[in-house]
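Reading through the structure tokens given below for one structure.
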Amino acid sequence: MGIRVLVVEDVKASHELILESLQLIGGFDVVGSCPTELQAQQWLHDRPSDCDLVILDLMLREGSGFAVLNQMRKRRDPPQIVVFSDFATPAVAEKCRAMGAVDAISKEDYRQLRVFLERYRSGTLTDRPSCVDTRQRTH
């Protein structure tokens, strides 16, 4: 069995993109998918050691990824969490890391998710975030 992943995402296109990325890179097994905060919290409560990595959207149709992060930081041995969100600005990414996420990646550049997943699989993650907000800014 590969790296066990829980996907917390409510948008079908984003969910499919995540699954495609996991399959393309290989070495990952999706053990659960939850479209809401409540379902994610229940899944993680019922299966506290059944996943290694959570890919988490912040803005869910029902609930918030921040609440899931908050629940996870109260656990003794939580899975690692990467935020994959439209709202992964530098300030939001800093808040996510302060709450225990290993990284926060903007959905505007899904390639950065693949970079993160490749680094995660190879064990080359560092304390420095790999990709916070890659959007081009114009002044």
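Quick one: what are the phi-derived ³J(HN,Hα) couplings along segment 97-108, Karplus 6.51/-1.76/1.60 with θ = phi - 60°, whole Hz, x for glycine and proline?
So the Karplus estimates, Gly and Pro as x, are 5, 5, 8, x, 6, 7, 6, 9, 10, 6, 5, 5 Hz.
Taking H placed 1.01 Å from N in the peptide plane, check which residues at least 5 places from S64 or on another chain put their amide H under 5 Å from its amide H.
Those qualifying (amide H under 5 Å, at least 5 residues apart or on another chain) are E37.
R0 = 41 Å: FRET efficiency of A98 with Q23, Cβ-based, nearest 0.05? Each step should come with its number before you reach the end.
Details: r = 32 Å, r/R0 = 0.77.
Rounded to the nearest 0.05, the efficiency is 0.85.
Label-point separation (nm) for Y110 and V11, each offset 7 Å from Cα along Cα-to-Cβ?
Going from the Y110 label point to the V11 one covers 1.0 nm.
For K74 and R61 in one chain, what is 0.36 nm times their gap in residues minus the Cα-Cα distance, to one decimal in nm? Intermediate values should be presented prior to the final figure.
Working: separation 13, 0.36 × 13 = 4.68 nm, distance 2.39 nm.
Here the answer is 2.3 nm.
Can you work out the Karplus-derived ³J(HN,Hα) for every residue in segment 60-70? Use 6.51 cos²θ - 1.76 cosθ + 1.60 with θ = phi - 60°, whole Hz, and x for glycine or proline.
The phi angles translate into 9, 4, 10, x, 9, x, 4, 5, 5, 4, 4 Hz.
Towards the positive end of the charge dipole of the chain, with charges on Cβ (+1 Lys, Arg; -1 Asp, Glu), say which of P35, A91, Y120 has the farthest Cα.
Of the listed residues, the answer is A91.
For the residues M59, M1, M99, M72, what sequence is obtained by ranking on other C-beta atoms within 10 Å, fewest first?
Working: M59 13, M1 8, M99 16, M72 20.
Final ranking by Cβ density, sparse to dense: M1, M59, M99, M72.
Give the long-range amide H neighbours of D10: residues separated by 5 or more places, or on another chain, with amide H under 5 Å away, using H modelled in the peptide plane at 1.01 Å from N.
R61
Reachable aspartates and glutamates from K107, Cα under 18 Å, same-chain residues fewer than 8 places away excluded?
E9, D10, E16, E20, D57, D86, E94, E118, D133
Please arrange D77, D50, D10 by counting, for each residue, the other beta carbons lying within 10 Å of its beta carbon, fewest first.
Details: D77 6, D50 13, D10 18.
So the residues, fewest neighbours to most, are D77, D50, D10.
Quick one: 3J(HN,Hα) in Hz for segment 50-57, Karplus 6.51/-1.76/1.60 with θ = phi - 60°, rounded, Gly and Pro as x.
Result, rounded to whole Hz: 9, 9, 9, 9, 10, 9, 10, 7.
To the nearest 20 debye, what is the magnitude of the charge dipole of segment 3-122 about its Cα centre, counting +1 on the Cβ of each Lys and Arg and -1 on the Cβ of each Asp and Glu? Could the numbers behind the result be given before it?
Numbers: 15 positive and 18 negative charges, 79 e Å.
Charge dipole, segment 3-122, about its Cα centre: 380 debye, nearest 20.
Taking Cα pairs under 8 Å and at least six residues apart, what relative contact order does the chain come out at, in percent? Provide the component values of the computation, followed by the final result.
On the way: 238 pairs, mean separation 29.0, N = 139.
RCO, the chain: 21 percent.
I'd like the trypsin sites (Lys or Arg not before Pro) in segment 1-103 restricted to DSSP loop residues with at most 11 other Cβ atoms within 10 Å, sorted by number.
Details: sites: R4, K12, R61, R73, K74, R75, R76, K95, R97; in loops: R61, K74, R75, R76.
Here the trypsin sites (Lys or Arg not before Pro) that fit, given the DSSP loop and packing criteria, are R61, K74, R76.
Collect residues whose amide H, placed 1.01 Å from N in the peptide plane, falls under 5 Å from the amide H of S33; neighbours closer than 5 in sequence don't count.
V7
At 222 nm, what value in deg cm²/dmol follows for the chain if DSSP H runs of at least 4 each add -39500 (n - 2.57) and the sum is divided by all its residues, to the nearest 500?
Numbers: 5 runs with 54 residues, N = 139.
Here the helix-only value at 222 nm equals -11500 deg cm²/dmol.
Every read-out reported here was derived from the displayed coordinates using simple, explicitly stated rules and does not represent laboratory data. Given the structure is predicted, the values throughout are model-derived calculations rather than measurements. Note: ideal-geometry Cβ built from the backbone for every residue, glycine included; neighbour counts use all protein chains shown.
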